[in-house]
1. With the requirement that a residue be surrounded by 11 or more Cβ atoms within 10 Å (Cβ to Cβ) and modelled with pLDDT of 65 or more, what does the stretch 49-61 give you?
2. Output the number of the condition that M1 fails; it satisfies all remaining conditions of (1) modelled with pLDDT under 70; (2) surrounded by 10 or more Cβ atoms within 10 Å (Cβ to Cβ); (3) not in a helix (DSSP H, G or I).
3. Can you go through A64, A119 and tell me which one is in contact with a Cys (Cβ under 9 Å, 6 or more places away or on another chain), at pLDDT below 85 and not charged (D, E, K, R)?
4. Checking E218 against (1) on the phi > 0 side of the Ramachandran plot; (2) touching a Leu at 6+ places or on another chain (Cβ under 8 Å): exactly one of these is not met. Which one?
Amino acid sequence: MWDSQISFPDPSTVNMKYMILYHGCVMTVCVVVMSFVMAGFYYIIMPWYSEETFTKCYTKGEKAEAIWTGVPMIFLFLLSIPSHVLLYYSGSRKGCEYLYNLKVVGHQWYWSYEYFVGAKSFSFDSYMVPISDLPLDGYMFMDVDKRCVLPVNRLIRVLYTSVDVVHSWFIPSFGFKNDCIPGRIGSSSLVINAPGIYYGFCTELCGAYHSEMPIVVEAVPAFEFDSWLLAVSMEDLGEEVMETQQNLAGLSVVTKGPSEAGINSVGGTKDKVALLVAVEEPANKIEEVSTNKGGH
């Protein structure tokens, strides 16, 4: 609901829910601390609080220095504990079996997605839809030609890397932000709780068209994802078969030579064309053929 709220987007993963809860706790602590600090300032700057009293109570006051140094340290330590727990559980799921593996590769300026399901794999590129091709219900600078489709309520291992510069695959509703670094492959776990279409973007300045490499993830139920997976893999297999057939057809055209009858016959224009295509030095062979024909 990008157009109707100014806070966090609706969470679609457990990690994002806990991040929002953690943010609320941190903000509560910050507001309480700020209230005490502002109350102290208000008490000090009031007319009834003289400079002599302030100097007597707080100048070289070891107790006061210990309080305003130790209390913030305790608060920071307590706040770091849930942060480290969230960071740990968002990166690994020990003892769990990954049903799907997704590899995200950043390019200037588009994304590549490679799916690994068992021993099979296929990949495709995802580009931003230009404004000239954008449908009426599309989002400017946010829609792509091919969406990344993922299943709901399934544990997915996401691998991420880059081939040129540093990119970052970020989807706010997932609480999922991973830097794609050239030469390194990172790994994170992802479980999407609700179906829908989720938008994201690259959050690392990666060049002139950094703003034109959006991310669109379509989360669907598991049975729909399996059907999509089968359809896309068959389409990918069909493209490979077609490409192989074209290569074989091109190879047969190049390697096809003239027939024996065509070489030995006299006065055939088709045989001349065949000789031009088949032999390595067509100019010399044509002269030789012409001489032999004159001898006949």
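1. G61
2. (2)
3. Checking each option against the conditions leaves just A64.
4. Going through the list (1) on the phi > 0 side of the Ramachandran plot; (2) touching a Leu at 6+ places or on another chain (Cβ under 8 Å), E218 breaks only (1).
The values are calculated or read from the model by the stated rules, or taken from the named source; none is laboratory data. For clarity, every value in this text was computed on a predicted model and none was experimentally measured. Glycine also receives a Cβ, built like all others from the backbone with ideal geometry; neighbour counts cover every protein chain displayed.
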